1. Please state which of the following conditions residue 114 fails to meet, knowing it meets all the rest: (1) touching a helix residue (DSSP H, G or I) at 6+ places or on another chain (Cβ under 9 Å); (2) assigned to a helix (DSSP H, G or I).
2. Go through the residues of the stretch 48-61 one by one and say whether even a single one is in contact with a strand residue (DSSP E or B) (Cβ under 9 Å, 6 or more places away or on another chain), surrounded by 14 or more Cβ atoms within 10 Å (Cβ to Cβ) and part of a strand (DSSP E or B).
3. What number of residues within the stretch 62-83 satisfy the criterion of being surrounded by fewer than 24 Cβ atoms within 10 Å (Cβ to Cβ) and in a loop (DSSP other than H, G, I, E, B)?
4. May I ask you to list the residues in the stretch 154-174 that are surrounded by fewer than 16 Cβ atoms within 10 Å (Cβ to Cβ), modelled with pLDDT under 90 and not in a strand (DSSP E or B)?
5. Is it the case, given these coordinates, that residue 16 is surrounded by fewer than 13 Cβ atoms within 10 Å (Cβ to Cβ) and either closer than 22 Å to residue 70 by Cβ or touching a strand residue (DSSP E or B) at 6+ places or on another chain (Cβ under 7 Å) (or both)?
6. Looking only at the stretch 125-154, how many residues end up being more than 23 Å from residue 60 (Cβ to Cβ) and touching a helix residue (DSSP H, G or I) at 6+ places or on another chain (Cβ under 9 Å)?
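The values are calculated or read from the model by the stated rules, or taken from the named source; none is laboratory data. Keep in mind the model is a prediction, meaning the values are calculated, not measured. Cβ atoms come from the backbone with ideal geometry, glycine included; neighbour counts cover every protein chain shown.
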């Protein structure tokens, strides 16, 4: 399922729907997932419960970020709580021109992310150890960002207040949420994106938070 041909077959429709990607994206994504599976045996990068269906549980939801980053965009993107690399690494593979910064509080996960970035030769990426609520100096130096994402969200209001000073005037902070969230909105208003799979089934949603709306 995570070989390059299988990924092309499984995800090609979604990628094409959002404008496509570099010709070698299946090979790079397969290489990332192979490294993730190998390291996850020793470091809890993603839940063991979801690891057997990593494409469905992690990759497909991560592709929701493509809706906000067109193919040739050179946006400055911040990924908060990167963990095992979702959504940051799939986004960078498919949108290689973005400048990507990843913030992660667990050192061993930072080490994995740095290894992946180096081994896959993903350019213009930096990994920062720490929490955005007390942003490392290295993150502040790279600000402002045009987009910020958080897939694992705790206190949204508190996180939003921490992220807001790092964004430029047009920037947006987007969090992942259950597509069936009771506070969801029918349709796709400007502050909420419903992300579906190739069959049209809801997978996840992105909601824009804070006064950057």
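1. Every condition holds for residue 114 apart from (1).
2. Applying the first criterion (in contact with a strand residue (DSSP E or B) (Cβ under 9 Å, 6 or more places away or on another chain)) to the stretch 48-61 yields 56, 60-61.
Narrowing the set further to residues that are surrounded by 14 or more Cβ atoms within 10 Å (Cβ to Cβ) leaves 56, 60-61.
From what's left, part of a strand (DSSP E or B): none.
No, because not a single residue in the stretch 48-61 is in contact with a strand residue (DSSP E or B) (Cβ under 9 Å, 6 or more places away or on another chain), surrounded by 14 or more Cβ atoms within 10 Å (Cβ to Cβ) and part of a strand (DSSP E or B).
3. So the answer is 9.
4. Those that are surrounded by fewer than 16 Cβ atoms within 10 Å (Cβ to Cβ), modelled with pLDDT under 90 and not in a strand (DSSP E or B): 154, 155, 156, 157, 158, 161.
5. So residue 16 passes the test.
6. Residues in the stretch 125-154 being more than 23 Å from residue 60 (Cβ to Cβ) and touching a helix residue (DSSP H, G or I) at 6+ places or on another chain (Cβ under 9 Å): 16 in total.
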